[in-house]
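All remarks here apply to the structure that follows.
Readers should treat all values here as calculations from the given coordinates under stated rules, not as data from a laboratory. It should be emphasised that the depicted structure is a prediction, and the values quoted were computed from it without experimental measurement. Please note: Cβ atoms are built from the backbone with ideal geometry, for glycine as well, and neighbour counts cover all protein chains shown.
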């Protein structure tokens, strides 16, 4: 009697050599597939992998009898222009468009105001079809996709005529952490110049007043 690896306790009795391949290999294949399926199911029961967990920026995750709170609005506001996130929109032909962005200010749990370059493809897509997602990756195992709809609320900021303001109404937040990996940091950046520092401060300040 031979156990197969660490799969559930399945045993196989070897028949004469001529019949071994005919019976043993299919049985091993089925047992291993069942083991893999059970393992994947156990990994995904912890609330990982693209599950909608909130309808706003205050996210509460219950796992193993403990509740953890992720305040994504506070994350944006406490780290102005440092939470680099991927904004996804839909091109006119239906293909996806993504772009890294970081000029976000959370007005409340349902509303984000973002500064965007008015000539960007992201802005063109928002004008036509407001649906978007903001994928946030940050230290502390933060991996969330903020789903919402955007609209232009100011065509040109006072501090920059190439930047406009988009109001994003949040409809849901999905959890995108992995059952196998812990997120220890997100993308990081350093301003290229003092002028860049002044620009981001001015944009964030104006977004706060909208």
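Summary table below
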| read-out | value |
| --- | --- |
| Residues 93, 158, 176, sorted so that the one with the fewest Cβ neighbours within 10 Å comes first | 93, 158, 176 |
| Inter-site label distance for residue 155 and residue 180 at 7 Å from Cα along Cβ, in nm | 5.0 nm |
| Cα-based shape type of the stretch 51-209, given that a ≥ b ≥ c are square roots of the gyration tensor eigenvalues and the cut on a/c is 1.5 | prolate |
| Order of 208, 131, 175 - criterion: other Cβ atoms within 10 Å of each residue's Cβ, fewest first | 208, 131, 175 |
| Label-point separation in nm, residue 52 to residue 99, each point 7 Å along Cα→Cβ | 2.7 nm |
| Packing-based exposure ordering (other Cβ within 10 Å, fewest first) of 159, 189 | 189, 159 |
| Linear extension gain, residue 63 paired with residue 135, 0.36 nm per residue minus alpha-carbon span | 23.7 nm |
